[in-house]
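Okay, structure first, notes after.
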């Protein structure tokens, strides 16, 4: 009886090991197939195949690799909605993964690619800023952080430009309080951008128009002191009068 039991245990163990080996080989085969689709530039198909590895073989080493490659394939396919979803799922389920910096970078890059013109709502631009800043804060020495830093400079310029556009529209339509708030926000939050000189000029312009002489003088003084060579400083006396 004991001999029979040992024989059965051996048989079942062999079947189990064989099953694991088959599953491992199948996961690797699925990954290879998906990678082939990627090389053939059938990006949507490749992404679907990479994602399926995680559902079919969730405990294999190929599952996480599949998710990472799915993010890349979705990016190449310009399917930003699905990319963001995969990235957020990965970040939530794998907080300590070695691929976190890459996933954050790809998520930020996806939002960056969707930045609209300055006349439209800037949700994607803001999301790109938040994601890149998280990447830099968490992984300052990452290979992706330098590019993220450079893109943040462009993002800030874009957001400042959007605020200026709103402020100009508000000023033109008599919403002076709204315009003042937007111009002040540009000066406070985006001080490294090229929008600051105009923001000071616009403040001086509005304050002069509504009779706030002290505030107008302060705005003009800041403009001339900080940006003496700017076109906005040069036209100040002509447009707004002497300080």
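Of note:
- Per residue, the Cα convex hull of the chain amounts to 167 Å³.
- Debye log10 I(q)/I(0) at q = 0.14, 0.19 Å⁻¹ for region 20-92, Cα point scatterers: -0.37, -0.67
- Once divided by 2.2 N^0.38 Å, the Cα radius of gyration of region 93-177 becomes 1.32.
- Rounded to the nearest 10 degrees, the inclination of helix 213-226 to the longest alpha-carbon principal axis of the chain is 60 degrees.
- By the count of other C-beta atoms within 10 Å, a proxy for reagent exposure, 169, 132, 35, 183 are ordered fewest to most as 169, 35, 132, 183.
- Centre separation in Å (Cα based) which lies between region 191-237 and region 44-93: 50
- Using the average count of surrounding beta-carbon atoms within 10 Å as a protection proxy, the listed peptides 64-74, 119-129 rank, highest first, as 64-74, 119-129.
- Relative contact order (%) - region 90-241, alpha-carbon pairs under 8 angstrom, separation at least six: 14
- Cα point-scatterer Debye curve for region 137-199, base-10 log of I(q)/I(0) at q = 0.18, 0.23 Å⁻¹: -0.64, -0.85
- Acute angle (nearest 10 degrees) that the helix 123-138 long axis makes with the longest principal axis of the chain, alpha-carbon atoms: 70
- Taking 0.36 nm per residue of separation and subtracting the current Cα-Cα distance, fully stretching the chain between residue 42 and residue 92 would add 15.2 nm.
- Entry note, the chain: the mean residue ellipticity at 222 nm calculated from DSSP H runs of n ≥ 4, each adding -39500 (n - 2.57), is -26000 deg cm²/dmol after division by the residues and rounding to the nearest 500.
- Structural size metrics of region 195-243, computed from C-alpha coordinates, are Rg and Dmax of 9.2, 27 Å.
- The chain: angle of helix 176-189 to the longest principal axis, Cα-based, in degrees nearest 10: 60
- Residues 33, 107, sorted so that the one with the fewest Cβ neighbours within 10 Å comes first: 33, 107
Laboratory data are not the source of any read-out in this text; all were calculated from the coordinates shown. Keep in mind the model is a prediction, meaning the values are calculated, not measured. Please note: Cβ atoms are built from the backbone with ideal geometry, for glycine as well, and neighbour counts cover all protein chains shown.
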